[in-house]
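For reference, the structure discussed in these notes is given below.
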Amino acid sequence: MKNILIVDSAKVMAKGQITLPKDIRSKLHLSTGDRVTLICEEDRVILMNSAVYAMKMLQKEMENEAEKANIRNDDDVIALVKETRKEIEGL
C-alpha cells in the first residue's frame, strides 16, 4: 500500500471540537461513531483509529513471546492448543 501524505487543516470550535476532513477520515477508515486515539508528542498530535492503535500496542506487547514459548511453526501452535485443552479439561 502506497504511503500518501495528506495535509489539511481544521478549525477548533468553541467547545474544542474539530471536524476531520473527509480525506483523513477515509485514510484512517473512520466512520460515524468510531473512536480515535490522540497521542501528543511535544508540539504535534498523532491521531489514530483506536482499533488500529490497540492492535499495534498488542503486537508490541506480544513481540518475542512465541520465541520465549519455543513456538517455531504451526505444529508447535497445535501442540500448545492441545496441551492447554487437556489442562482445562482436567480442572
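The values are calculated or read from the model by the stated rules, or taken from the named source; none is laboratory data. Keep in mind the model is a prediction, meaning the values are calculated, not measured. Reconstructed Cβ throughout: ideal geometry from the backbone, glycine too, with neighbour counts over all protein chains shown.
Take Ala69 and tell me if it is farther than 27 Å from Leu5 by Cβ and in contact with a helix residue (DSSP H, G or I) (Cβ under 8 Å, 6 or more places away or on another chain). Outline the logic, then answer.
Working: farther than 27 Å from Leu5 by Cβ: yes; in contact with a helix residue (DSSP H, G or I) (Cβ under 8 Å, 6 or more places away or on another chain): yes.
When the stated conditions are applied, Ala69 passes them.
Would you check if Val36 is within 25 Å of Met57 (Cβ to Cβ) and without any contact (Cβ under 8 Å) to a residue 24 or more places away in the chain? Before you say what the answer is, go through the steps one by one.
Numbers: within 25 Å of Met57 (Cβ to Cβ): yes; without any contact (Cβ under 8 Å) to a residue 24 or more places away in the chain: yes.
Yes; evaluated as a whole, the condition is true for this residue.
Of everything in the range 32-56 that's within 16 Å of the chain's Cα centre (by Cα) and small (Gly, Ala, Ser), which residue is farthest from Ala10 (Cα to Cα)?
Restricting attention to the range 32-56, the residues satisfying the condition of being within 16 Å of the chain's Cα centre (by Cα) are 34-39, 46-56.
Remaining after also requiring small (Gly, Ala, Ser): 50-51, 54.
Numbers: Ser50: 20, Ala51: 23, Ala54: 25 Å.
Of everything passing the filter in the range 32-56, Ala54 is farthest from Ala10 (Cα to Cα).
Among the candidates Met55, Met48, single out the residue that is at pLDDT 90 or above and in a helix (DSSP H, G or I).
Met55
Looking at Thr32, Thr84, which is the one that is surrounded by 10 or more Cβ atoms within 10 Å (Cβ to Cβ), modelled with pLDDT of 90 or more and farther than 23 Å from Asn3 by Cα? Steps first, please.
Numbers: Thr32 fails: surrounded by 10 or more Cβ atoms within 10 Å (Cβ to Cβ).
Going through Thr32, Thr84 in turn, just one is surrounded by 10 or more Cβ atoms within 10 Å (Cβ to Cβ), modelled with pLDDT of 90 or more and farther than 23 Å from Asn3 by Cα: Thr84.
For the range 1-25, give me each residue that is in a helix (DSSP H, G or I) and surrounded by 12 or more Cβ atoms within 10 Å (Cβ to Cβ).
Across the range 1-25, the qualifying residues are Asp23, Ile24, Arg25.
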